[in-house]
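Before any comments, here is the structure.
The values are calculated or read from the model by the stated rules, or taken from the named source; none is laboratory data. Predicted model only: the values in this text are computed from it and were never measured. All Cβ positions, glycine included, derive from the backbone under ideal geometry; neighbour counts span all protein chains shown. For accessibility, only protein heavy atoms count, side chains too; no ligands or nucleic acids. Shrake-Rupley method; radii C 1.70, N 1.55, O 1.52, S 1.80 Å.
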Amino acid sequence: MVSIITAAFTPAIALLIFFYLKDEFEQEPLTMVIRCFIFGTLLVFPVMFIQFVLQNEARFTSPFIETFLQVALTEEFFKWFIVLVTVFYHVHFSQRYDGIVYATAVALGFASVENLLYIIAHGLDTAFIRAVFPVTSHALFGVVMGYYFGKAKFQKQKRYRYLFMAFLIPYLLHSLYNLILLSMNQWIYVLIPFMVFLWVFALKKVKKANQLQAVHLVKRETG
């Protein structure tokens, strides 16, 4: 069991450390990051319950409808909601990159428990591909979500627009990811380029968040 837990949680922790260290300025308190991670782990169970109800009551017959309504919508909405209500207005959300760290922590907490349950059901042989695709994709969705949370936090005149984008764009990316898996027989040939795109897109958001923070600091020091 120890090996299963290790295999399930190690990729998420490694990714979280990677994005945590990408902060070029004041890094977030570890207690806040761990708190967000734990909130993410707790999200799995209500999300699974809602998905179970939708699957049995709505009885989706189209992969398109299933992926856009049952999976991506519930998972990304609840991750977005947790970030909004637990950390968005917190005093330690004090710079633009903070949104990336906190949203990624929530996403990876969720991904870790989801990964654990999957490996328990299907065996350790699935651990590597789970780490490369589902766990990593959740991290990258979290980065994108957190970037727009950071924009919403510090651009108050467009706050509601950016809060909406913090949900909408990860939701659409997650939907496309799932649609590739559900609708294509040779999904691996499409998913690998899509994952490369996700990495490039997310790392651009990381760079942009740090640049925006640098501009803000310069303005504060010279103003």
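Things to note:
- For residue 69 and residue 25, a Förster radius of 45 Å and the Cβ-Cβ distance give a FRET efficiency of 0.70, rounded to the nearest 0.05.
- The phi torsions of the range 23-32, fed into the Karplus equation with coefficients 6.51, -1.76 and 1.60 and a -60° offset, translate into couplings of 5, 8, 10, 7, 6, 6, x, 4, 4, 5 Hz, rounded to whole numbers, with Gly and Pro shown as x.
- Relative to the longest principal axis of the Cα atoms of the chain, the long axis of helix 98-122 makes an angle of roughly 20 degrees.
- Using equal-weight Cα scatterers in the Debye expression, the normalised intensity of the range 103-223 in log10 at q = 0.22 Å⁻¹ is -1.28.
- Rounded accessible area per residue of the chain, 1.4 Å, Å²: 51 Å²
- Linear extension gain, residue 57 paired with residue 192, 0.36 nm per residue minus alpha-carbon span: 45.3 nm
- To the nearest 10, the accessible area of residue 194 is 30 Å² with a 1.4 Å probe.
- Here is how the number arises for the chain: DSSP H runs of 4 or more residues each give -39500 (n - 2.57), the sum is divided by the residue count, and the result at 222 nm is -26500 deg cm²/dmol.
- Percent of C-alpha pairs per 5 Å bin in the range 1-154, short distances first: 2, 10, 19, 20, 19, 15, 9, 5, 2, 0.
- Folded to 0 to 90 degrees: helix 2-21 orientation relative to the chain principal axis, Cα: 30 degrees
- Relative packing of peptides 145-157, 176-188, 98-110 - highest average C-beta neighbours within 10 Å first: 98-110, 145-157, 176-188
- Tilt relative to the chain, helix 159-183 - C-alpha long axis, 0 to 90 degrees, to 10: 30 degrees
- Per atom type, the range 8-96 shows carbon and sulfur on 71% of its accessible surface, probed at 1.4 Å.
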